[in-house]
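Reading through the structure tokens given below for one structure.
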Amino acid sequence: MNTIQFIEDHIPAVAKLCRQALEKDIMPDFLLTEKTVLDPDFDSKLTYIVKSDQGDVIAFIMGVVRDRGNEKIGYIKLFCVHENFRRNGIGRKLYNLIESEFKGRGIKKVRLFESWPNYYQPGIDPFYTEAVCFFERMKFVRNGDTSNLTADLSASDFDTSAEEKELQKQQIEINRASHNEFENTMAYIDKFFPAWRGEVSAAFKNSPVSLHIAKLDGEIRAFSAHEVNNIGTGWFGPMGTDPVFRGKGVGGILLKRCLKDMKEAGFAKAIIPWVGPIPFYMHYCNSKVSRVFWKYEKILE
Ligand SMILES: CC(C)(COP(=O)(O)OP(=O)(O)OC[C@H]1O[C@@H](n2cnc3c(N)ncnc32)[C@H](O)[C@@H]1OP(=O)(O)O)[C@@H](O)C(=O)NCCC(=O)NCCS
């Protein structure tokens, strides 16, 4: 067996391994490309494959370090071992390789999968029970949970014109953001929702821009985005409304505008990840919990 640094040429073989090992998830080659080499923090010293003696890719691990302002956090972003090769210490060896690299860089905290803004899933799905056992053995401590919702896009046309007319009477205008609103929008996000800078800025790379904004007297007060992470898979969000602006129905309209875009793009379902206000989403689009994730952290000594 041979452990080597991952490079872009490995994508087809690694995506195939992920599809075999992560049976609850999808991993087309384009998605693995987005998760790996298109991540601005992609780091080949934190991303490895293992090849069998026959030359097949049998394991993959990707770590990433994110700068969170006052600290740097290490994430295990993707990880799998082919089922025929499990319980042989391959996972442990790969994890230890990444952990010692994290330690060498002074990282004090490691989290699993939730490596926003570019992340695959917001935690470990306990359906992958081997992963739960593995990471608990590696001394990770469970510290919360979250869920993804799924909305059926065939159930409605998501038309919001009547509600928008009502809001216009209160000087509230809702529109798709245009490319020349980038600076203005990012200034608003930096002020109220700084954690979403990466995802919101990605919406401006899409054409049309996959971001809708609500303005009062010309000032941005709320937004919703889609197709900014796991692009091409029907991933909604993020969205946010200024606290003083809540309760006016603006969030519902912004949500539906994104869902309408996604439906028109051909998606049958929208995934609303890492929630959050389940009743809000259920109210506006009858979305239901489709996945549950456990969140884990390890403090490095
Ligand atoms: C999680 C995974 C990567 C572990 O890889 P692995 O090579 O089998 O792990 P190791 O052999 O190094 O296991 C190390 C320790 O983890 C624990 N562990 C791993 N698999 C386990 C299992 N099925 N049951 C109980 N404990 C387990 C054990 O303590 C093990 O040590 P031991 O064998 O000496 O008892 C592998 O099971 C996998 O690819 N699962 C599917 C993909 C996945 O779930 N990825 C994470 C997505 S959320």
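The values are calculated or read from the model by the stated rules, or taken from the named source; none is laboratory data. Small disclaimer: the values here were computed from a predicted structure and weren't measured. Cβ sites come from the backbone with ideal geometry, for glycine too, and all protein chains shown count toward neighbours. Areas reflect the complete protein model, heavy atoms only, side chains present, ligands, DNA and RNA absent. Shrake-Rupley method; radii C 1.70, N 1.55, O 1.52, S 1.80 Å.
Just the accessible area per residue of the stretch 151-292, please: how many Å² with a 1.4 Å probe?
On a per-residue basis, 48 Å².
Mean Kyte-Doolittle of at least -1.0 and a Cα length of 18 Å or more along the axis: which whole DSSP H helices of the chain meet both?
Length and hydropathy pass: 90-104, 250-264.
Per 0.36 nm of contour for each residue apart, how much would the distance between F127 and E8 grow if the chain were fully extended, relative to their Cα-Cα spacing?
Once the chain is fully extended between F127 and E8, it gains 39.9 nm.
What's the tally of Lys pairs in the stretch 1-115 whose alpha-carbon atoms lie under 12 angstrom apart, where the two lysines are 8 or more places apart or on different chains?
4
What relative contact order, as a whole-number percentage, does the chain give when Cα pairs under 8 Å and 6 or more residues apart are counted?
Relative CO of the chain lands at 20 percent.
Which one of A265, Q171, W235 is farthest out on the positive end of the charge dipole of the stretch 151-292, using unit charges on Cβ (Lys, Arg +1; Asp, Glu -1) and the Cα centre as origin?
About the Cα centre, the residue reaching furthest to the positive side is W235.
Counting only residues 5 or more places away or on other chains, whose amide H sits under 5 Å from the amide H of F193 once H atoms are built in the peptide plane?
none
Counting only DSSP beta bridges with both residues in the stretch 2-139, what percent are antiparallel, rounded to the nearest 5?
The antiparallel proportion sits near 80 percent.
Per DSSP H run of at least 4 residues, take -39500 (n - 2.57); add these up for the chain, divide by its residues and hand me the 222 nm value, nearest 500 deg cm²/dmol.
-9000 deg cm²/dmol
Where the accessible area of the chain is counted over protein heavy atoms with a 1.4 Å probe, how much of it, in %, is carbon and sulfur?
Carbon and sulfur together cover 50 percent of it.
So, with +1 on the Cβ of K and R and -1 on the Cβ of D and E, and no other charges, what is the size of the charge dipole of the chain about its Cα centre, to the nearest 20 debye?
Here the size comes out at about 880 debye.
Shape verdict for the stretch 61-205, please, from the Cα gyration tensor: rounded (a/c under 1.5), prolate (a/b greater than b/c) or oblate.
Prolate, because a/c is 1.5 or more and a/b exceeds b/c.
What would the Debye equation give as log₁₀ I(q)/I(0) for the chain at q = 0.08 Å⁻¹, counting only Cα atoms as equal point scatterers?
The computed values of log10 I(q)/I(0) come out as -0.38.
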